[in-house]
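Only one structure is covered here, and it is reproduced in the block below.
Every number here is computed from the coordinates shown, using simple stated rules; none is lab data. Nothing here was measured: the structure is a model prediction, and the numbers come from that model. All Cβ positions, even for glycine, are placed from backbone atoms using ideal geometry, and neighbour counts span all protein chains on display.
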């Protein structure tokens with residue numbers, strides 16, 4: 001009895017879970033595997049459409065005689081590179097209408113013209129004509145003829161499904177793509193973006209966790225950058241930082257803090273000198289990192305605040321009795337309580353920053369030394385139109401991510417249960 | 001000891017005052033006042049005098065009179081030291097100083113002798129400074145976004161620092177950018193599409209997620225643990241690696257440029273978070289209530305519909321709002337899948353607008369305001385739900 005009950009339970013569970021699982025598999029997991037397939041193929045953006053035979057039907061009157069009409073079919077192969085085999089053509093006509101002259105490739109049967117056009121090369125074009133007449137000498141309605149669309153079919157290889165593979169894409173990724181710089185930029189961006197977001201998150205959480213007036217408003221305001229749409233925020237920043245008429249540069253020049261406007265998003269390096277040491281700073285990258293911090297520190301803030309509010313007040317009171325200073329309280333009470341959440345946040349943000357595309361794309365488009373791996377996927381796949389190469393870069397991202405995750409679950413994953 | 005803490009107090013408090021007055025000056029400059037000097041040093045020096053006077057006077061006179069008097073004297077000094085400035089600006093200076101001096105209340109010559117007082121002073125002022133800093137840094141871009149949308153390109157080219165609104169103009173003149181983007185750039189349509197996609201995503205996600213979350217929370221089946229861990233792993237996986245395969249497959253199936261295609265992708269990418277958030281809440285519902293339902297002869301459909309859903313409305317609301325915000329803000333997939341202006345979402349439309357270098361920036365900002373306002377409105381109005389959702393789901397962006 002209980003056995004059949006648990007069977008029923010299982011069946012119910014699968015019916016409930018399956019739709020969601022299938023959808024996620026189709027849209028999230030399948031593409032990850034599909035990437036592997038595409039990355040080994042020499043394939044470009046223009047190749048991905050399956051070639052189709054196409055026909056455009058034009059109906060013309062021949063003379064005064066309305067019982068005869070000429071039909072021109074503009075036939076073509078939609079693909080510029082692939083052949084279509086065994087093209088079949090079919091068009092229907094009203095009763096009492098029959099073709100006068102018929103191509104040898106076609107025949108007329110039960111109101112239908114059926115043709116066998118054989119194979120069409122890439123870029124194939126032909127103007128195919130039929131003259132039709134009404135057997136009873138009546139007027140043929142042009143509109144009826146026009147509204148009937150011809151049906152074409154043919155066999156073509158789906159360029160995605162062919163089985164010729166190549167290692168070329170990966171060679172290009174590693175040797176012709178400035179791979180080392182790409183990787184370094186990605187890591188700079190990811191690492192400093194993550195660290196910065198966490199530091200500002202801790203600061204903000206410390207602030208809001210105190211008994212200040214209006215802390216709920218403060219918490220709300222602090223989350224604005226995180227909940228705002230990235231497009232709006234990125235363009236506002238671009239406008240703010242614009243060298244020609246951006247508010248920030250105009251202000252700095254106005255108050256004589258700088259002499260010349262600085263192109264914060266368009267300049268790769270800036271030479272700084274601190275204590276006599278001159279060094280080059282990756283300016284555009286730094287700006288993008290600051291945007292990243294600005295946008296994502298609220299997340300860190302929220303998590304750390306939730307943790308801070310769970311720390312028992314008695315700990316601080318005891319420390320007060322022992323005569324601990326505010327700094328000592330922070331170091332010996334607060335910090336140990338938030339290290340676990342910080343390590344989790346670090347990993348989550350690290351992974352997400354590593355994959356960040358929109359922010360950099362909207363701010364710089366990957367120019368001025370801000371080209372990271374995700375930007376490169378877009379550039380290769382859609383700007384250069386090399387889908388195979390873009391996929392290969394995606395694979396590199398997935399591989400790096402998987403290794404991060406393994407490290408994550410080895411080192412910190414066990415701690416996740418404690419939080 | 002006392003001298004050291006006094007010095008620290010004077011320097012830090014005056015530094016803080018200088019900072020907020022500088023921010024006030026910057027904001028005033030953006031209203032078209034032609035200040036060219038922040039005057040940091042004199043402000044800092046009279047700030048020190050102000051704080052010194054404050055602790056020296058101590059409790060000798062009524063504190064309200066003291067604050068008022070000191071702020072007044074400070075404002076007059078400031079007026080003479082500063083470039084010519086209108087009265088509303090000085091009034092602002094007075095109010096800021098008044099706020100500042102009332103924050104000094106707890107300090108006196110006696111309190112400066114306490115243990116760790118220097119550290120406490122530093123902490124107190126870092127807190128104040130932090131609040132001003134964070135509020136300014138966060139709100140400033142939003143402020144610029146809003147005021148730019150009310151200016152004209154020419155006015156901004158003449159003086160890029162003058163964001164003052166000219167209220168003598170008629171309302172149609174003032175809101176011109178908004179009229180233009182609705183009339184010329186078809187933003188009404190994009191708002192409809194964005195709303196349809198976002199609301200559609202919320203509905204479809206909930207339809208898939210509620211049963212699945214119920215099964216994960218309540219029922220025993222093979223692969224359950226695998227499923228709940230893979231949920232977590234899946235939402236670590238980034239959209240950018242899905243883009244190329246989805247693009248090729250969607251091209252072949254004719255799903256590009258279709259709202260339906262976008263809806264599928266948004267649903268699939270938000271499902272893991274939605275399931276994760278919901279199952280956590282479902283687990284907290286006492287099982288006895290469901291048992292009563294089973295006794296009444298309800299099947300699982302009845303249980304979910306009549307027991308689970310009514311009991312978990314707050315959680316469902318927070319998931320719905322959260323999914324709505326993700327779908328509304330989403331940019332990457334709409335960039336990849338939508339080429340035709342007929343099917344643009346708001347985000348994609350703004351990005352398309354910016355692609356034309358000739359587009360005046362106030363239109364861009366008006367569009368940004370339109371896409372931002374609904375999200376901020378929802379967020380402010382439902383903050384409680386959303387914050388609990390954000391922390392519970394440990395968040396997908």
Over all distinct Cα pairs, what is the inverse of the mean 1/r for the protein assembly as shown, reported as the Kirkwood hydrodynamic radius in Å? 31.4 Å
Chain B - mean residue ellipticity at 222 nm from DSSP helices (-39,500 (n - 2.57) per run, n ≥ 4, rounded to 500): -24000 deg cm²/dmol
Bin by bin, in steps of 5 Å, what percent of the Cα pairs in segment A:189-232 do you find, going until the bin that has the longest distance? 5, 19, 21, 22, 18, 9, 4, 0
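Taking only the alpha-carbon atoms of chain B, what semi-axes of the equivalent ellipsoid follow from 5 times the gyration tensor eigenvalues under a square root, in whole Å, largest first? Please list the in-between numbers first.
Numbers: eigenvalues 549, 222, 59 Å².
Each semi-axis is the square root of five times an eigenvalue, giving 52, 33, 17 Å.
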In the Gaussian network model of chain A, springs joining C-alpha atoms below 10 Å, which of A:139, A:21, A:36 carries the largest mean-square fluctuation? A:21
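Given a cut-off of under 8 Å on Cα pairs at least six residues apart, what relative contact order in percent is computed for segment A:70-123? If you can, show how the numbers build up before the last one.
Details: 78 pairs, mean separation 26.8, N = 54.
Relative CO of segment A:70-123 lands at 50 percent.
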In degrees rounded to 10, the 0-90 angle between helix B:259-283 Cα long axis and the longest Cα principal axis of chain B is 80 degrees
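Specify, per residue and in Å³, the volume enclosed by the convex hull of the alpha carbon atoms belonging to segment B:138-280. Don't skip to the answer; put the middle values down first.
Values: hull volume 28.5 nm³, N = 143.
Residue-normalised Cα hull volume stands at 199 Å³.
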Compute the Cα gyration tensor for segment B:33-74, then decide on rounded, prolate or oblate, letting a ≥ b ≥ c be the square roots of its eigenvalues: rounded whenever a/c is under 1.5, prolate when a/b is larger than b/c in the other cases, and oblate in all that remain. oblate
Just how far, in whole angstrom, is segment B:290-323 from segment A:302-350 if you go by their alpha carbon centroids? 38 Å
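Looking at segment B:2-148, I'd like the Rg to Rh ratio, where Rg is from alpha-carbon atoms and Rh is Kirkwood's inverse mean 1/r. List each step's numbers first, then the result.
Working: Rg = 16.0 Å, Rh = 16.1 Å.
Radius of gyration over Kirkwood radius for segment B:2-148 works out to 0.99.
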Unit Cα scatterers, Debye sum, segment A:53-155: log10 I(q)/I(0) for q = 0.10, 0.19, 0.20 Å⁻¹: -0.28, -0.90, -0.98
For the Cα atoms of chain A, what angle does the longest principal axis make with the long axis of helix A:335-354, in degrees from 0 to 90, nearest 10? 30 degrees
Kirkwood Rh over Cα pairs of segment A:158-275 into Stokes-Einstein at 25 °C, 0.890 mPa s: D in µm²/s? 126 µm²/s
Kindly provide the pair-distance distribution of chain A built from C-alpha pairs, with 10 Å bins from 0 and whole-percent values in order of increasing distance. 4, 14, 17, 17, 15, 12, 10, 7, 3, 1, 0, 0
If you take the Cα atoms of segment A:324-379, find Rg, then find the Kirkwood Rh from the mean of 1/r over all pairs, what is Rg/Rh? 1.31
Summarise the partner chain shielding of B:219-229 as one whole number: the mean count of Cβ atoms from other chains within 10 Å of each residue's Cβ. 3
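Using Cα-Cα distances under 8 Å and only pairs 6 or more residues apart, what relative contact order does chain B have, in percent?
Details: 353 pairs, mean separation 78.2, N = 397.
Value for chain B: 20 percent.
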Quick one: plug the Kirkwood hydrodynamic radius of segment B:301-377 (C-alpha pairs) into Stokes-Einstein at 10 °C, 1.306 mPa s, and report D in µm²/s. 106 µm²/s
If you take all C-alpha pairs in segment A:171-418, what percent of them are over 31 Å apart? 37 percent
Checking B:307, B:264, B:20 against a Gaussian network model of chain B (alpha-carbon springs below 10 Å), the top fluctuating residue turns out to be B:307
Do the sum for chain A: with -39,500 (n - 2.57) for every DSSP H run of n ≥ 4, divided by all residues, what is the mean residue ellipticity at 222 nm, to the nearest 500 deg cm²/dmol? -15500 deg cm²/dmol
Histogram of C-alpha separations across segment A:1-63, 10 Å bin width, %: 15, 19, 19, 17, 14, 10, 4, 2, 0
